[in-house]
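For reference, the structure discussed in these notes is given below.
The values are calculated or read from the model by the stated rules, or taken from the named source; none is laboratory data. Quick caveat: nothing in here was measured; it's all calculated off a predicted structure. Cβ placement follows ideal geometry from the backbone for every residue including glycine, while neighbour counts extend to all protein chains displayed. Just the protein is used for accessible areas: all its heavy atoms, side chains included, with ligands, DNA and RNA removed. Shrake-Rupley method; radii C 1.70, N 1.55, O 1.52, S 1.80 Å.
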Amino acid sequence: MSKILILSRDLNINKDLIGLLSGVGYEAISVETEKEAIKAAGEFSPDIAIIDTSIVDINIVSTCRSLKLQNETNDIQIVLLTSKDSDSQEVLVGADGYITKPFNENILIATVNAHLRIKKLLDILYTNNSELAKSLYQLNVLYNTSSQLAGTLDKTKLINIMNTGLDKSLNSSLCHALVMNEPQDATLIINSMYPITEALEEALKLRAMLSYKSLFENNKLPFELSIGDITVEKHIKEQDGLFDLNILNWDCMFSAISTADKFFGTVEIIRKNEFSGEDSTCFQTVVKQVSLPLESALLYEEIQKTNIKLEKLEKLKSEFISIVSHELRTPLTSIKNSLEMMLSGRMGEITNIQDNFLNLAKRNVDRLAGIINDLLDLSKIEAGKMEYRFEPLNILEPVKFVMSTFENLADKKHIQLFINSSKDEFNIYGDSNRIEQILTNLVSNAIKFTPNNGKVAVNIEKTNADSIDTTLFFNDSSLIDSNGELNFGQDYVKITIEDTGIGIKTEDIPKVFDKFQQIESSLSREVGGTGLGLPIAMQLIEAHKGKIWLESEFEKGSKFSFIIPLFQDTRLLTNHKK
Ligand code: ADP
């Protein structure tokens, strides 16, 4: 029923108005002082206050202002009962409407009705506004929660972000999430406004476990669980209060935290005020939001575990190779020395046949030593234990030296060797022994895989990062400088080892830098090898901040190119001496 408060000292007016308004079904009361009016406005909660402006000892302006300024009364429609000539502008401004005295009954009822309609519309507007404000707030919390969730792969952190999001958006008193870790291992994370009694903690554990089991009814549980398997983690907001078992009678919402094929746990929130339909939607949205990142977190955890296992295996393998190689090297050296002694004739005359067999044995011992050295080198590089002695050096010197060591072998196969260099000096910052090792591996392959009467050339030229086709790189296609940044504009020396050999089919090109890879061909079967030369060369080149790549045409020849940054400060250059 609509309520009307009348402030007047004119008994006739009071009587007339009450009679008139009650007659049309409204509840009306009258008061005589400002104090009573303010009090009645709070307690009686009228829709309209009709104020008689002719009361002399009342300050109408301040009465209107008092009503309009207080939260509980500011929506009351104030209608002044004014006498035409006496009211000032100031008085009139403070009100929502006017009725002039002496009033016409019909006009008065019509005016009251009009203000009741306004009041009703304003009420609807306020309610909608506050719901809109609540929805906006919830949306904001949802947005913040989802951006926080996207930034982490830690399971406990994700659940805590979810709990905080629920707490903020739904104003919950208590929120508890049961998170499954492993079978028979779960954590109950409780976010509570106040500390909780021991009995409540136990009850929450039981409640979470039973709710979890009820989700699967007769089906198999994803995780076996009994109450003793649950550890509790509590986050308490304020200390000056206590929650006991009573809060279990309050309103609550419960949900599973899961995706279509993964189950992570359960969550329940509790508060005194009833949850609305929108609250339920908001709750489901927050819980759904956390499921996907939880799935990623789980995958990440699995990947990390596998990585740790792989790292351990890789370490074991390197250690094994390094121990075995060491153990093999010592006896091999003594075999080699003994063979050399016998071959030298110092141990007595040897026949031609003995000489042949001893030479065969020595060649194979040398090969075995080479393989063991390669294995040792690779395991050292991979374990990060390879030591480098970097110094400024002119790369032409190791090129010339390595080519000279292959002259005999090339002669035997009637292979012509060339060095083509656009300058006499290409200074790099490198380890000369390792540069020789890289060149030896590449040139020996070039000679090995080139039939008799072919050609092997080493071309040396200056190049620049901007003019290199990085898509050809075997490893990732980036050039990185010493600060770990992309190296635009850097000058490099480019060395190309080009042969007229058997070539490599396009589909085999990506394989040649892999460990123990040998491309099947009659020649490779004939010449043998370990498949370690190129991976070692690649790793050594990358240790010099360089890159290697290969271009080849099957049955025509191959071109292995590598680049190493040019060293700019020539003052530091020392002669590279063999
Ligand atoms: P290895 O030569 O000891 O077998 P590498 O790692 O040096 O091992 O080379 C791997 C494989 O790449 C070789 O077995 C061969 O099949 C192929 N290869 C390397 N260099 C050449 C080349 N210049 N011409 C043709 N094939 C080559």
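So what is the accessible area of the chain per residue, in Å², with the probe set to 1.4 Å? Could you put the intermediate results ahead of the total?
On the way: 32120 Å² over 578 residues.
On a per-residue basis, the chain sits at 56 Å².
Could you work out [θ]222 nm for the chain from helices alone, using -39500 (n - 2.57) per DSSP H run of at least four and dividing by all its residues? Round to the nearest 500 deg cm²/dmol.
Values: 14 runs with 268 residues, N = 578.
Result for the chain: -16000 deg cm²/dmol, rounded to the nearest 500.
What does the charge count around G23 come to, taking other residues whose C-beta lies under 11 Å from its C-beta (Lys +1, Arg +1, Asp -1, Glu -1)?
Values: positive: none; negative: D16, E105.
Overall, the nearby charge balance is -2.
Which of the lysines could be linked to K494 by a straight reach, that is with a Cα gap under 17 Å, when you skip same-chain ones fewer than 8 residues away?
K400, K423, K462, K545, K547, K559
For a quick check of understanding: with a 1.4 angstrom probe and all protein chains in place, what accessible area in square angstrom does E507 have, to the nearest ten?
120
Are there any trypsin sites (Lys or Arg not before Pro) in the range 57-155 that are in a DSSP loop and have at most 15 other Cβ atoms within 10 Å? List them by number. Please list the in-between numbers first.
Values: sites: R65, K68, K84, R117, K119, K120, K134, K155; in loops: K84.
Answer in residue order: K84.
Modelling each spin label as a point 7 Å along the Cα-to-Cβ direction, I'd like the A260/Q304 distance in nm, to one decimal.
Distance between the two pseudo-spin positions: 2.8 nm.
Between Y98 and K385, what length in nm is gained on full extension when 0.36 nm per residue of separation is reduced by their alpha carbon distance?
93.8 nm
What do you get for trypsin sites (Lys or Arg not before Pro) in the range 526-565 restricted to DSSP loop and a cutoff of at most 13 other Cβ within 10 Å of the site's Cβ?
Values: sites: K545, K547, K556, K559; in loops: K545, K556.
In loop regions of the range 526-565 (DSSP not H, G, I, E or B), the sparsely surrounded trypsin sites (Lys or Arg not before Pro) are K556.
Could you tally the net charge around K462, taking each other residue with its Cβ under 15 Å from the Cβ of K462, Lys/Arg +1 and Asp/Glu -1?
-3
Work out how much length I109 to N273 would gain on full extension: take 0.36 nm times their residue separation and subtract the Cα-Cα distance, in nm to one decimal. If you can, show how the numbers build up before the last one.
Details: separation 164, 0.36 × 164 = 59.04 nm, distance 3.97 nm.
Additional length available on full extension: 55.1 nm.
Helix 11-23 versus the longest principal axis of the chain: what is the Cα-based angle in degrees, 0 to 90, to the nearest 10?
The answer is roughly 60 degrees.
Which of A203, I189, T164 sits farthest toward the positive end of the charge dipole of the range 150-295, with +1 on the Cβ of Lys and Arg and -1 on the Cβ of Asp and Glu?
T164
What is the angle, in °, between the Cα long axis of helix 198-216 and the longest principal axis of the Cα atoms in the chain? Nearest 10 is fine, range 0 to 90.
The helix 198-216 is inclined about 70 degrees to the chain.
By how many degrees, 0 to 90 and rounded to 10, does the Cα axis of helix 155-170 deviate from the longest principal axis of the chain?
It works out to around 20 degrees.
Check each of the trypsin sites (Lys or Arg not before Pro) in the range 200-279 and keep only those in coil by DSSP with at most 15 other C-beta atoms within 10 angstrom; list them in order. Please list the in-between numbers first.
Numbers: sites: K205, R207, K213, K220, K234, K237, K262, R271, K272; in loops: K220, K237, K262, K272.
When the trypsin sites (Lys or Arg not before Pro) of the range 200-279 are filtered for loop state and at most 15 Cβ neighbours within 10 Å, K220, K237, K262, K272 remain.
Quick check: pseudo-label points 7 Å beyond the Cα along Cα→Cβ at N459 and H235, how many nm apart are they?
6.4
Ordering R367, R434 by accessible area with a probe of 1.4 Å, largest first, what comes out?
Values: R367 125, R434 50 Å².
These residues rank, largest area first, as R367, R434.
For the chain, how big is Rg over Rh, using alpha carbon atoms and the Kirkwood form of Rh?
Numbers: Rg = 45.5 Å, Rh = 33.8 Å.
We get a ratio of 1.35 for the chain.
Leaving out ligands, DNA and RNA, and with a 1.4 Å probe, what % of the accessible surface on the chain is carbon or sulfur? Write down the numbers at each step before the final one.
Numbers: 16660 of 32120 Å².
C and S atoms contribute 52 percent here.
Report the gain in length on full extension from F44 to Q518: 0.36 nm times residue separation, minus Cα-Cα distance, nm rounded to one decimal.
Gain in length upon complete extension: 161.0 nm.
Rounded to the nearest 5, what is the percent of antiparallel bridges among the DSSP beta bridges in the chain?
Working: 52 of 85 bridges.
Roughly 60 percent of the beta bridges in the chain run antiparallel, per DSSP.
Let me know the shape class of the range 3-124, please: from the alpha-carbon gyration tensor, a ≥ b ≥ c as square roots of the eigenvalues, rounded when a/c is under 1.5, otherwise prolate if a/b is greater than b/c, or oblate. Could the numbers behind the result be given before it?
Details: a/c = 1.24, a/b = 1.01, b/c = 1.23.
Rounded, since a/c falls under 1.5.
If you rank E340, E217 by how much accessible surface each has, with a 1.4 Å probe, what is the order from largest down?
On the way: E340 75, E217 150 Å².
Accessible-area ranking of E340, E217, largest first: E217, E340.
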